[in-house]
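Down below is the structure, laid out as structure tokens.
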Amino acid sequence: MNKMGLEEYKGVFVFAQQVDNKLSNIAFELLGKARDLAKDLDTDVTAMLFGSDIKNLADELAEYGADRVIVVDSPELKEYRTEPYAHAMASVINKYKPEIVLVGATAIGRDLGPTVSARVATGLTADCTSLEIGDFPLVAIPNQEQKHNQLLMTRPAFGGNTIATIACPDNRPQMATVRPGVMQKIDKIEGAKAVIEEFDPGFVPNDKYVEILDIVKAVSDTVDIMDAKILVSGGRGVGSPENFKILEDLAEVLGGQVSCSRAVVDAGWKPKDLQVGQTGKTVRPNVYFAIGISGAIQHVAGMEESDIIVAINKDEDAPIFDVADYGVVGDLNKIVPALTQAIKAELAAK
């Protein structure tokens with residue numbers, strides 16, 4: 001891409017992920033962020049909706065902030081497959097020339113985003129925790145041009161020990177993937193409508209079009225921890241898988257969910273979908289109990305946005321106390337059951 005053509009690129013585009021003709025929550029979260037970015041750039045927000053028989057989802061995208069929805073509707077896009085989806089998105093980018101493209105860092109997005117960025121010859125910053133419009137370099141350097149209105153993409157680097165802010169000043173679009181739970185969707189604007197444009201990139205199946213033989217869905221009866229208002233989260237300090245029973249009792253009286261740290265998943269005590277942290281899920285409940293969790297920076301990255309954080313740990317120097325609103329130093333085996341009993345008594349009194 002030549003440097004001259006950068007100003008042709010306008011607008012903030014979001015990949016509106018849908019699975020089984022139902023929009024994923026990440027689509028709405030990205031639209032919320034896209035609105036902020038578009039406001040700073042004085043431009044508009046476009047959702048890219050790919051699938052088969054999915055035009056009926058466009059109005060819902062409008063209600064969460066899309067000004068325009070570009071629909072690519074084809075039987076080739078019924079299930080997610082890398083090749084047809086990458087072809088669809090790269091074609092949309094080449095035709096509509098967006099300045100910014102946001103993709104969720106889901107299993108689908110982590111496959112699709114990098115594939116597309118390579119195809120359209122631009123960069124991609126993965127797993128961003130913050131996105132804003134600003135100057136790059138951040139501080140002007142003598143004899144070097146400082147560019148304005150750049151997408152500044154911030155993400156943890158070196159295992160979370162530092163925060164890197166990355167820009168893509170010489171190529172367009174500027175692309176980023178963002179984890180579910182990091183950005184916040186707007187309150188629904190009932191009855192909002194968007195401009196809907198259908199686009200056909202033309203699909204020519206080739207040997208990169210995989211054939212899906214079977215789709216096996218995991219049946220889960222638990223609530224997604226990302227939707228829980230109260231999380232009772234356990235770490236290695238809980239001691240054993242059996243001992244999680246006392247956390248489950250607390251979660252039950254509070255109407256919350258149990259979650260855990262990476263050490264617990266690595267030990268095989270709990271399934272991966274309950275893991276909070278940089279390699280797990282980002283959560284923002286109203287109340288987060290961190291029980292027997294030391295508070296490594298990778299874990300904190302996944303829960304520090306919780307409204308209230310209560311830490312229980314026998315080590316008074318545990319880093320978790322640095323982010324906790326309330327901290328109790330002591331034996332979780334005594335404190336947690338006592339807390340559960342006290343809440344039960346309180347509820348009974350009501």
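Within the stretch 168-186, is there a residue that is out of contact with any helix residue (DSSP H, G or I) (no Cβ under 6 Å at 6 or more places or on another chain), more than 21 Å from GLY277 (Cα to Cα) and small (Gly, Ala, Ser)? Within the stretch 168-186, not a single residue is out of contact with any helix residue (DSSP H, G or I) (no Cβ under 6 Å at 6 or more places or on another chain), more than 21 Å from GLY277 (Cα to Cα) and small (Gly, Ala, Ser).
Results for (1) touching an Asp or Glu at 6+ places or on another chain (Cβ under 9 Å); (2) within 20 Å of GLU190 (Cβ to Cβ), shown as yes or no for each residue.
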{"site": "LYS33", "(1), (2)": "no, no"}
{"site": "ASP36", "(1), (2)": "yes, no"}
{"site": "VAL45", "(1), (2)": "yes, yes"}
{"site": "ILE54", "(1), (2)": "yes, no"}
{"site": "ARG68", "(1), (2)": "yes, yes"}
{"site": "LEU77", "(1), (2)": "no, no"}
{"site": "LYS95", "(1), (2)": "no, no"}
{"site": "LEU102", "(1), (2)": "no, no"}
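Exactly one residue out of LEU138, LEU151 is touching a residue at least 24 places away in the same chain (Cβ under 8 Å), within 29 Å of TYR64 (Cα to Cα) and not charged (D, E, K, R), and it is LEU151. A single entry from GLY239, GLY255, GLY327 fulfils the requirement of being small (Gly, Ala, Ser) and either under 19 Å from ALA228 (Cβ atoms) or under 21 Å from the mean Cα position of the chain (by Cα) (or both): GLY255. None of GLU76, GLU7 is on the phi < 0 side of the Ramachandran plot, touching a Phe, Trp or Tyr at 6+ places or on another chain (Cβ under 6 Å) and acidic (Asp, Glu) except GLU76.
Against the numbered list (1) surrounded by 14 or more Cβ atoms within 10 Å (Cβ to Cβ); (2) closer than 30 Å to PRO84 by Cβ, VAL232 comes up short only at (2). Residue under question is ALA105, and the condition is that it be at pLDDT below 95 and under 22 Å from GLY32 (Cα atoms); does it hold? For ALA105, the condition - at pLDDT below 95 and under 22 Å from GLY32 (Cα atoms) - is met. Reported count of residues in the stretch 236-260, each being assigned to a loop (DSSP other than H, G, I, E, B) and touching a strand residue (DSSP E or B) at 6+ places or on another chain (Cβ under 7 Å), is 2. For the stretch 107-127, name all the residues that are hydroxyl-bearing (Ser, Thr, Tyr) and outside any helix (DSSP H, G or I). THR122, THR125, listed by residue number. Inclusion of THR279 among residues that are among the hydroxyl-bearing types (Ser, Thr, Tyr), surrounded by fewer than 22 Cβ atoms within 10 Å (Cβ to Cβ) and either assigned by TED's automatic domain parsing to the domain that holds SER130 or not in a helix (DSSP H, G or I) (or both) is warranted. Count of the stretch 81-98 residues, restricted to those that are in contact with a Phe, Trp or Tyr (Cβ under 6 Å, 6 or more places away or on another chain) and either surrounded by fewer than 22 Cβ atoms within 10 Å (Cβ to Cβ) or without any contact (Cβ under 8 Å) to a residue 24 or more places away in the chain (or both), is 2. Only one of the numbered conditions (1) in contact with a Phe, Trp or Tyr (Cβ under 9 Å, 6 or more places away or on another chain); (2) surrounded by 19 or more Cβ atoms within 10 Å (Cβ to Cβ) is violated by ALA105, and that is (1). When ALA263 is tested against (1) touching a Pro at 6+ places or on another chain (Cβ under 8 Å); (2) part of a helix (DSSP H, G or I), exactly one condition is not met: (1). Total residues in the stretch 1-51 satisfying the condition of being of a type in the set (Val, Ile, Thr), at pLDDT below 95 and over 21 Å from LYS78 (Cβ atoms): the figure is 0.
Helices (runs of 4 or more DSSP H) fully within the stretch 288-350 that include at least 1 residues being surrounded by fewer than 14 Cβ atoms within 10 Å (Cβ to Cβ) and at negative phi: 320-323, 332-349.
The values are calculated or read from the model by the stated rules, or taken from the named source; none is laboratory data. Note that the structure is a prediction, hence the values are computed from the model and not measured. Methodologically, a virtual Cβ is constructed for each residue, glycine included, from the backbone with ideal geometry; neighbour enumeration extends over all protein chains shown.
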